DNA sequence: CTGAAAGCGCTTACAG
DNA sequence: CTGAAAGCGCTTACAG
């Protein structure tokens, strides 16, 4: 900057004015400064500028999740980054790999870099307060999970409602014996999984189906475990006429088990979470899809609102999951009840 | 920092020493400073530190690709970020959406933030020199594409070899009529696609198959176009006994076309690029998979080597694609030639 | 319309 | 083992 000022024969303040497009500079001066910038390949140092800037902003935002490579996080990042660049804001992203210790370290690093705000997919639902405490002063929005026990802004899928709608979808087709197949997520304390289970069971309960008539498989840690357990489930008696899988590992396992037993076209399947090319399987797999991009976008908007001084109560934004009918979820039970099913309350 | 120094009753230089773990501080002093840091929730400002740091490093790295949400980029980012945090380096990431103008703007922004280096999946293969020029002085490594016309470090899949191996795989099974189905990538000038085509055709040529005996579909822009064109292809005569698809859109289209015609178990299919749950289709889809994580990791290592002063000639790292046999690619032609096929040169 | 002085929070180079 | 002074590249608050 000194060099530019010298070459243009002006003070550094004038260079600053030109760079930042401030008023009160003569056209001729602007021209000379522009020329000098060009010739010297001058690139203003944003970090130095931030150091003394009035509003204390660094135009930097932190995004921290368990694993950036998982499709949900990647899609959310894409949306966040889009919002951010519109505001000239850069996004630093990192994976904590579901390690609360690493989560805190990275949050502190973000703070050391003076991030204006942080969007966090927490390592553990039960320890939200630690993350909030670490952020201390830096705006923080939870993504894909609700903070437990502490007030905080959050944007996530409405898991209970989505699972309830999945149950409803199958009930409407006449199914009465519907199995719940839950996968354990990377976090031991997975609030999302609990919500899906709750929403599913409540809806069946409202339809007058008692818990002992609902086969439940839990702890399906991976697709292979799911395949094995679900294979056994569909040989049991009375056999379920429909299956709901609460995560993609379970869905993958169910697809294999159903095809291996030749029942892929006779037992209905609805999965939670979409996956690429789900329409290539026979039949196409019906799912409730999370709106990862919408969640990312709204998280970013919420964060920017906070950074701009919005001081309302912390709020939770529940984003609906949407049904994608592809065939597997529209299979009717062999002996569909003649009595039409009427959807239970809630709406 | 002033406040910490005051509270601990020491100079700021001593606080600096404790924070950075420098030697020559008495244990008692360290203890007092630690205490003050704790009480004041002091977090050192990295940007300020960088401003005067001797080596000029900011411990920041930029990652810029067409779309962060695509699985290849997301997996590469994950690997890069892992390498980076080991070196206390943060990763700023962004998508240029295949717009060369936006690509330049973001590179300049990275430079303004004093990134130590940049990993770039270029918007356009033909304009590498613009990106290099923009980076000017900042280390730059190309990822997933080779710089054209200018020397530069690059890490990418060995597309020609991978496509050649796919051809070889099918030739070994006795196939002689193998179709090439190419998808047009987001960039008009897609070097990777050209390389796959070249590698495929060369291998068939070496096997004595002339170009007019190789059905070629190009411009399969999306899965639907691919489904349509491939459906027609497999009704043609003589019908190909095997299909090679050069990208996932083509693979998806081929899967649909083959199933709809009932030939999914009689015409072989090998795709380039893996996709999730490829083993759920019937038969499972054989692919050559790119090693996105390996590519990301090696790009990061290459970049760090440059930043550490390595000044050898710019080099290209070609990472092999690996065969994943899942069934579709192991189907033999109806009337397999009795004469055993011997793989052609190159090795 | 323009510029000289002070200072952002740190590190460097030095003196004790 | 410790600290006072200078300066990194900018912006702010001011005076002209």
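Laboratory data are not the source of any read-out in this text; all were calculated from the coordinates shown. Predicted model only: the values in this text are computed from it and were never measured. Cβ placement follows ideal geometry from the backbone for every residue including glycine, while neighbour counts extend to all protein chains displayed.
Largest GNM mean-square fluctuation across B:272, B:63, B:310, computed for chain B with C-alpha springs under 10 Å, falls on B:310. Annotation for residue B:276, label-to-label distances across the other copies: 0.9 nm (shortest first, one decimal, point 7 Å from Cα along Cα→Cβ).
Placing a label point 7 Å from the Cα of residue A:21 along the Cα-to-Cβ direction, the distances to the matching points in the other copies come to 4.4 nm, shortest first.
Quick check on the protein assembly as shown: take the gyration tensor over C-alpha atoms, sort the square-rooted eigenvalues as a ≥ b ≥ c, and tell me if it's rounded (a/c under 1.5), prolate or oblate.
oblate
Most fluctuating residue of B:251, B:14, B:89 in a GNM of chain B with Cα springs under 10 Å: which is it? Most flexible of the set in this elastic network: B:14. Just round it to a whole percent: the fraction of Cα-Cα distances in segment A:11-83 exceeding 19 Å. Value for segment A:11-83 (Cα pairs over 19 Å): 56 percent. Here the alpha carbons of segment B:206-265 define both size measures, Rg and Dmax, at 11.5, 34 Å. Counting neighbouring Cβ atoms within 10 Å and putting the fewest first, the residues A:95, B:266, B:237 line up as B:237, B:266, A:95. Ordering B:213, B:229, B:308 by the number of other Cβ atoms within 10 Å of each residue's own Cβ, fewest first, gives B:308, B:213, B:229.
With Rh defined as the Kirkwood radius, the inverse of the mean 1/r over Cα pairs, the Rg/Rh of segment B:2-44 is 0.90. Comparing chain B with the 2.2 N^0.38 Å rule of thumb, its C-alpha radius of gyration ratio is 1.29 (two decimals). Taking every DSSP helix (H) stretch of at least 4 residues in chain B, weighting each as -39,500 (n - 2.57) and dividing the sum by the residue count yields a mean residue ellipticity at 222 nm of -13000 deg cm²/dmol. The P(r) of segment A:25-129 has a tail past 22 Å containing 47 percent of all C-alpha pairs. One decimal place: the segment residue B:6-residue B:301 gains 102.0 nm when fully extended, by the rule 0.36 nm per residue minus the C-alpha distance.
Of the residues A:31, A:330, A:293, the one that moves most in a GNM of chain A with alpha-carbon contacts below 10 Å is A:31. Label points for residue B:51 are taken 7 Å from Cα along Cα→Cβ. From this copy to the others they lie 0.3 nm apart, shortest first. Each of residue B:228 and residue B:266 was given a label point 7 Å from its Cα along the Cα-to-Cβ line. The distance between the two points is 2.6 nm.
Measuring between their Cα centroids, segment A:273-293 and segment B:245-278 lie 17 Å from each other.
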